[in-house]
Amino acid sequence: MSKGFFDVVSERTSIRHYDTSVKLSKEELTELLDTTVKSPSAWNLQHWHFVVITDEAAKERLLPIAYNQKQIVEAGAVIAVLGDLEANKNTDAVYNPLVDAGHMTAEVKDILAGQINGAYKNATFARDAAFTNASLAAMTFMLAAKAKGYDTCSMGGFNAQKFVEEFKIEDRYIPVMLISVGKAAKPAHASDRLPLDQVTTWI
């Protein structure tokens, strides 16, 4: 049974030690990813791609790339979250169905396409958008996993270039983070949050 949203947010922690006997099925991972791709994204371009790593040999190949973090091989699966540097190429796939269904005029679609392609002439913008929007999806994945009773840990500590080379990632995509997912073997270490007034400015 799925948990309530506020319980999920409160209970989610970064788990680094996993029960190696627990594996996630393709169906379970597909369900989590089906939820993940409902995440918001700029212009609805869906700037993400996921490499789902469940094969034990593939995890072993990933282990040194992720600086030998044991959760890579102990977790039931690892999701590599990639950002799309060429998300503007999704414009037709995203908007043509809306035009065909009468929800958007062709003229509006052309205006949006012009804005999008203009923005994507700036490589810095494209990279920032890839990271920002893929990160939104990553958070959705972690919350969805917790709602289904699984634990996760997001990892920025890995050699992105070696990941690209080892797993033959297209130039279109940039690695954003790795997420281990499975069942905790022991609780996360204690952590706390900064006081709200320290991270909030009211105007």
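How large is the direction-averaged shadow of the alpha-carbon convex hull of segment 54-121, in nm²? If I average the Cα hull's projected area over directions, I get 7.2 nm². Expressed in Å, the radius of gyration and Dmax of the Cα atoms of segment 46-203 are 19.0, 56.
In degrees from 0 to 90, rounded to the nearest 10, what is the angle of the helix 26-36 Cα long axis to the longest principal axis of the chain? Helix 26-36 sits roughly 50 degrees off the main axis of the chain. In whole angstrom, segment 25-84 maps to an equivalent ellipsoid with semi-axes of 25, 14, 8, each derived as √(5λ) from the alpha carbon gyration tensor and ordered largest first.
Pulled fully out, how much extra length does the chain show between Glu165 and Val9, if you take 0.36 nm times their separation in residues and subtract their Cα-Cα distance?
Fully extending the segment from Glu165 to Val9 adds 52.7 nm.
Measuring with a 1.4 angstrom probe and ignoring ligands and nucleic acids, Thr124 comes out at about 90 Å² accessible. Binning the C-alpha pair distances of segment 1-139 at 5 Å intervals from 0 yields a P(r) profile of 2, 9, 14, 16, 17, 15, 11, 9, 6, 3, 1 %, listed from the shortest bin outward.
The values are calculated or read from the model by the stated rules, or taken from the named source; none is laboratory data. Just so you know, these numbers come straight off a predicted model, no measurement behind them. Accessible surface areas use protein heavy atoms only, side chains included; no ligands, DNA or RNA. Shrake-Rupley method; radii C 1.70, N 1.55, O 1.52, S 1.80 Å.
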